[in-house]
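Step one of this worksheet: look at the structure below.
The values are calculated or read from the model by the stated rules, or taken from the named source; none is laboratory data. Predicted, not measured: the structure shown is a model, and the values here were computed from it. No Cβ is skipped: glycine too gets one built from the backbone with ideal geometry, and neighbour counts run over all protein chains shown. Accessible surface is based on the protein model in full, side chains and every heavy atom, while ligands, DNA and RNA are left aside. Shrake-Rupley method; radii C 1.70, N 1.55, O 1.52, S 1.80 Å.
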Amino acid sequence: METDEMSDTLGPLPSSTTNYVGFATLPDQVHRKSVKKGFEFTLMVVGESGLGKSTLVNSLFLTDLYCDRAVPNAEERISKTVGIERSSIDIVECGVKLRLTVVDTPGFGDSLNGEDSWKAIVKYVDDQFNQYYRDESGLNRKNIIDNRVHCCLYFISPYGHGLRPIDVKFMKELHNKVNIVPVIAKADCLTKSEVKNLKSKVIDEIEENNISIYQFPDCESEDEEFKQQNIELKESIPFAVIGSNTTIDVNGKKVRGRLYPWGITEVENPAHCDFVMLRNMLIRTHMQDLKEVTGDVHYENYRSQCIQTDKSAPMSKRTGRMKRESVILEENNEKDRMLLEKEAELQKMQEMLKKMQEQMAQQNQNQNASTTSQGNLI
Ligand code: GDP
């Protein structure tokens, strides 16, 4: 009877249920729970203004995240400091909800004194870690909103001869805090061989400067096609991308692209650029890994630094945390106290019961004895 009920709710059980415990449904349960809750992902885009960041984000997520953006003029940009603009949207596809947050950094590299541009971004990334760290140590740990930056698309200009000092500085300052994925912007401005040369120049400079960009995990699959895709992915870094907010008619088919007097560049055509590869990597294949590396590597680094600082911090700084810990301790003590009380009560009742049973047994014995002596008398 029980097995029938189970198979109704969990789907058909294997033919031999004798050795079937049931944990094979765990992945499904986790999956269902995650689908219900939805996924959160935070993407940061960094690069000097005009490199096509907003256009690429709109092309990636087929949305218009920047509809009310005001582009500052040259005079405003000279003195402008780096701003942080966060916009979130919920994207639902086949019943799966993705809460996407895009963090834009307008003003990066724009001002005359641009070498400090990275500071505001480092502060933002650290602030998100700090918020998570505080939430994690608080009482409401179940409902933490994860605003940590899971991936940073770093836009490299197609016009230079490799990395500029500001690119190197930014990546060096951020590479231990966030997964950096470098991209070559506006790849349609370059010929095929120029793209190839710029890619290898950028990779050489990244290695020379000991910069750790996001590393794709090694492929453990036996599937040859998947293995090949993984190799191609690794070899394509930095991705050469093209963005566009318009669709064009190509042989009766609507495609996202850029129309020039000499022809059309198609955003989603792998022969024209690496856009599809980048989108697949971000959304289909590596979103979870990007989140895991953020949590397990970058955030853990931050957390261990915090613990170190907490330990060496003067008493006054530690009081806040100690107060929180003492609240938890007090709660636990209260629970322990109540448990002990209940246990004592139970023991008392058991003793009373034992006494009553003994008394009753004694009474029975006395009664039996008196009946026997009465019998004897008669
Ligand atoms: P942002 O300031 O980095 O966000 O740059 P925008 O997305 O606002 O783009 C600046 C200009 O570059 C706009 O005129 C875009 O149409 C153009 N643009 C965007 N992406 C590309 C691209 O891939 N190739 C070319 N050639 N132009 C682009």
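Per the listing Ser236, Ser244, the residue uniquely over 25 Å from the mean Cα position of the chain (by Cα) and in contact (Cβ under 8 Å) with a residue 40 or more places away in the chain is Ser244. Residues that are away from the ligand (no atom under 16 Å from the Cβ) and exposed (fewer than 13 other Cβ atoms within 10 Å of the Cβ) within the range 227-256 comprise Gln228, Ile231, Glu232, Lys234, Glu235, Asp249, Asn251, Gly252, Lys253, Lys254, listed in sequence order. Every residue in the range 113-158 that is over 23 Å from Leu98 (Cα atoms) and touching a strand residue (DSSP E or B) at 6+ places or on another chain (Cβ under 7 Å), please. Hits for the range 113-158 are Ile121, Phe155, Ile156, Pro158.
Can you tell me how many residues in the range 124-145 are acidic (Asp, Glu) and part of a loop (DSSP other than H, G, I, E, B)?
Initial filter on the range 124-145 (acidic (Asp, Glu)): 126-127, 135-136.
Now narrow it down to the ones that are part of a loop (DSSP other than H, G, I, E, B): none.
Within the range 124-145, residues that are acidic (Asp, Glu) and part of a loop (DSSP other than H, G, I, E, B) number 0.
Quick one: count up the residues across the range 261-272 that are assigned to a strand (DSSP E or B) and touching a residue at least 40 places away in the same chain (Cβ under 8 Å). Within the range 261-272, residues that are assigned to a strand (DSSP E or B) and touching a residue at least 40 places away in the same chain (Cβ under 8 Å) number 1.
If you go through the range 273-286, how many residues are assigned to a loop (DSSP other than H, G, I, E, B) and within 10 Å of the ligand (Cβ to nearest atom)?
First, pick out the residues of the range 273-286 that are assigned to a loop (DSSP other than H, G, I, E, B): 273-274, 286.
Then keep just the ones that are within 10 Å of the ligand (Cβ to nearest atom); that gives 273.
Looking only at that region, the number is 1.
Failed condition for Ile264, given (1) under 19 Å from Val57 (Cα atoms); (2) open to solvent by 40 Å² or more (accessible area, probe 1.4 Å); (3) within 13 Å of the ligand (Cβ to nearest atom), with all others met? The one condition Ile264 does not meet is (1).
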